[in-house]
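Peer 1: Quick one: the structure is below, questions incoming.
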Amino acid sequence: MSSSSYLNQPAGGEGDVNTSDNRQDWQNQHLDGASQQLLQRDSDSFLHQSVSTPCLAAVRKVEGLWIEDVAGNRYMDFHGNNVHHIGHGHPRLIEAVTRQMHQLPFAPRRYTCDVAVELAEKLASITPGNLAKVLFATGGSDAIEIAMKIARIATGRFKTLSFWDSFHGAGFGASSIGGEQMFRAPIGPPLSGALHVPPFGDYRNAWGVREGSSQLCLNQIRYVLQKEGDIGAVIAEPTRAVPYVPSPGFWQQVKAACHEFGALLIFDEIPTGLGKTGKMFSCEHDNVVPDILVLGKALGGGMLPISAVVCQPELDVTGHFAIGHYTHEKNPVTARAALTTIEIIEQEGLVDNADRIGQQAMRGLQVLQATHPLIGDVRGRGLLFGAELVLDRDTREPANDAADRVLYKALSRGLSFKTTMGNVLTFTPPLITTETDMQRALAIIDECLSEVEKELGLSF
Ligand SMILES: Cc1ncc(COP(=O)(O)O)c(C=O)c1O
């Protein structure tokens, strides 16, 4: 493969391309000299990679729902990488982490500490069913790989089954089970035994159907589990990030199929866990307790990196191996951040708020869908919701350029979000989002859609 093909990677499911004309125009209009200089130094210093470096802008402050860039522009952060459930820079979290750094900044390996144990106990108490045994890591990708190792050891099988178009992290194992081209090529063969099926999603799916994709997806999962006969784990996000919700009963049937054919069910709740979808864990919408639940991102309160694997007690079978021997495994500062974050989510009633504001968002998007021909579909759960843009509602031709235009027009009006799959406006605001914030965001989306429809000459 020539070097230029390494430099021109496709945007894949992320869609938030670092090279579009709309992005360039936006940067020319909104960035000042100081921002440009910092972006240049950043670009000179860091290895370039898709959807990351070169960067869009330079940030100088984050607070609550808000981002402020070096040029002084302010944005409502309806993206936040799904780390900002409690809002950026929560004062109580800063205070707790600072106190912890003074009291006990590190736990050397072979020593435990009260806060790490307290966090493990807390996770066991808030996760559904009898999920109870815990291991911590620093990033989501690492935690996924721990879960994969546990599945291998517990089942004696190395194969996994996951969804095309999913993302589970950047490590070799995690990117092998992921199904996005951008994160897989050109690093050579993925882990062997990492099998995929097309995911559910009624609006757009591999089967070309307009309803019933969950059943077709389930049929494929069952078929592959049966034919292979030796799959160790099915790994998936219970609510897909793009954002698709399965039909009722889907996950219960997947779990039954897993157990019929001897596989574990691993749920990746790295973005959705801790209340994002309007329940503490997204799998609770479907009343399904997985064998392993993986958490990350918001667990560190948007300040510190910590992730967790929470397992059924009978999966405590790895005692003779070191499956997650990470330096910061029981770091008291990251553990304190996680414990305090969970306390804030509970005490501020943020899960209920995510549910309430999420319903407002969905109603608002449905109203917009009635007036904007560009919106083909609206979907989501809680504060993970989106609008899929199409050029024609009958053919469902994806409106990627329109989505890109809307994204930068919204940024110009102070709303930051991302696109997924190229044409899905995807919103993941924090759990502290208020009704007024949501009204404001919906009004911005409304204006941007109107402008783009006018530019493209689209009307009903
Ligand atoms: C569903 C999912 N799993 C895993 C990860 C990886 O987490 P991390 O970036 O902390 O390694 C992500 C990150 O975006 C994710 O969205």
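Readers should treat all values here as calculations from the given coordinates under stated rules, not as data from a laboratory. Note that this is a predicted model, so its numbers are computed, not measured. As a convention, Cβ positions derive from the backbone with ideal geometry for all residues, glycine included, and neighbour counts pool all protein chains shown.
Peer 1: Going by how many other Cβ atoms sit within 10 Å of their own, how do Phe78, Phe460 line up, fewest first?
Peer 2: On the way: Phe78 26, Phe460 8.
Placing the least packed residue first, the sequence is Phe460, Phe78.
Peer 1: Right, another one. Compactness ratio of segment 97-347: Cα Rg over 2.2 N^0.38 Å, N = residue count?
Peer 2: 1.00
Peer 1: If you don't mind, another one. For segment 338-387, just the Cα atoms, rotate onto the principal axes and tell me the three extents in Å, largest first.
Peer 2: Over segment 338-387, Cα extents along the principal axes are 45, 16, 10 Å.
Peer 1: Give me Asp44, Asp355, Asp77 ranked fewest to most by other Cβ atoms within 10 Å of their Cβ, as a rough exposure proxy. It would help to have the intermediate numbers written out before the result.
Peer 2: Working: Asp44 8, Asp355 17, Asp77 25.
Final ranking by Cβ density, sparse to dense: Asp44, Asp355, Asp77.
Peer 1: To continue, here is another question. Neighbour counts of other C-beta atoms within 10 Å: give me Thr53, Thr155 arranged from fewest to most.
Peer 2: Final ranking by Cβ density, sparse to dense: Thr53, Thr155.
Peer 1: Follow-up question, since we're still on this one. With a point put 7 Å past each Cα toward its Cβ, work out how far His48 is from Gln360 in nm, to one decimal.
Peer 2: If labels sit at His48 and Gln360, their model points lie 4.2 nm apart.
Peer 1: Here is a follow-up. Given +1 on the Cβ of Lys and Arg, -1 on the Cβ of Asp and Glu, and no further charges, what dipole in debye does segment 120-239 carry about its Cα centre, rounded to the nearest 20?
Peer 2: Its charge dipole is roughly 260 debye.
Peer 1: Binning every alpha carbon pair distance of segment 393-460 at 5 Å from zero, what are the percents per bin?
Peer 2: Result returned by the calculation: 3, 16, 26, 25, 17, 9, 4, 1.
Peer 1: At q = 0.22 Å⁻¹, work out log10 I(q)/I(0) for segment 43-180 with the Debye formula, treating every Cα as an identical point scatterer and leaving solvent out; two decimals please.
Peer 2: For the requested q values the scattering log ratios are -1.33.
Peer 1: Follow-up question, since we're still on this one. Tally Lys/Arg at +1 and Asp/Glu at -1 over every other residue whose Cβ is under 11 Å from the Cβ of Thr318; what's the total?
Peer 2: Result for the neighbourhood of Thr318: +2.
Peer 1: Here's another thing I want to ask about it. Using the Kirkwood formula over every pair of different C-alpha atoms, what hydrodynamic radius in Å results for the chain?
Peer 2: With all distinct Cα pairs of the chain included, I get 22.8 Å.
Peer 1: If you take the alpha carbon radius of gyration of segment 311-460 and divide it by 2.2 N^0.38 Å, what ratio comes out, to two decimals?
Peer 2: Values: Rg = 20.4 Å, N = 150, 2.2 N^0.38 = 14.8 Å.
Normalised Rg, Cα atoms only: 1.38.
Peer 1: Quick one: which of Lys122/Lys330; Lys122/Lys276; Lys279/Lys409; Lys279/Lys418; Lys279/Lys330; Lys255/Lys297 span more than 20 angstrom between C-alpha atoms?
Peer 2: Values: Lys122/Lys330 15 Å; Lys122/Lys276 18 Å; Lys279/Lys409 32 Å; Lys279/Lys418 23 Å; Lys279/Lys330 27 Å; Lys255/Lys297 25 Å.
Too far apart for the 20 Å limit: Lys279/Lys409; Lys279/Lys418; Lys279/Lys330; Lys255/Lys297.
Peer 1: Give the separation of the Cα centroids, segment 379-396 to segment 216-257, in Å.
Peer 2: Computed from Cα coordinates, the inter-centre distance equals 23 Å.
Peer 1: Residue separation times 0.36 nm, minus the C-alpha to C-alpha distance between Glu451 and Asp32: what's the value? The partial results should precede the final answer.
Peer 2: Values: separation 419, 0.36 × 419 = 150.84 nm, distance 2.53 nm.
Here the segment from Glu451 to Asp32 would lengthen by 148.3 nm.
Peer 1: First measure r as the distance between the Cβ atoms of Gln226 and His320, then evaluate 1/(1 + (r/R0)^6) with R0 = 22 Å and state the FRET efficiency to the nearest 0.05.
Peer 2: Values: r = 32 Å, r/R0 = 1.45.
With R0 = 22 Å, the Cβ-Cβ based efficiency is 0.10.
Peer 1: Here's another thing I want to ask about it. Out of the DSSP beta bridges found with both residues in the chain, what percent are antiparallel (nearest 5)?
Peer 2: Of the beta bridges lying entirely in the chain, close to 65 percent run antiparallel.
Peer 1: What Kirkwood Rh does segment 149-207 have if only Cα atoms enter the pairwise 1/r average? Answer in Å. Mind dumping the intermediate values first?
Peer 2: Values: mean 1/r = 0.0816 Å⁻¹.
Across segment 149-207, the inverse of the average 1/r is 12.3 Å.
Peer 1: What distance in nm lies between label points placed 7 Å from Cα along the C-beta direction at Glu211 and Gln252?
Peer 2: About 2.1 nm, to one decimal.
Peer 1: Let me have the 222 nm mean residue ellipticity of the chain computed from DSSP H runs of 4+ only, each contributing -39500 (n - 2.57), with the sum over all residues rounded to the nearest 500.
Peer 2: The per-residue figure over the chain is -12500 deg cm²/dmol.
Peer 1: Between the alpha-carbon centers of segment 32-74 and segment 112-146, tell me the distance in whole angstrom.
Peer 2: The two parts, judged by their Cα centres, are 33 Å apart.
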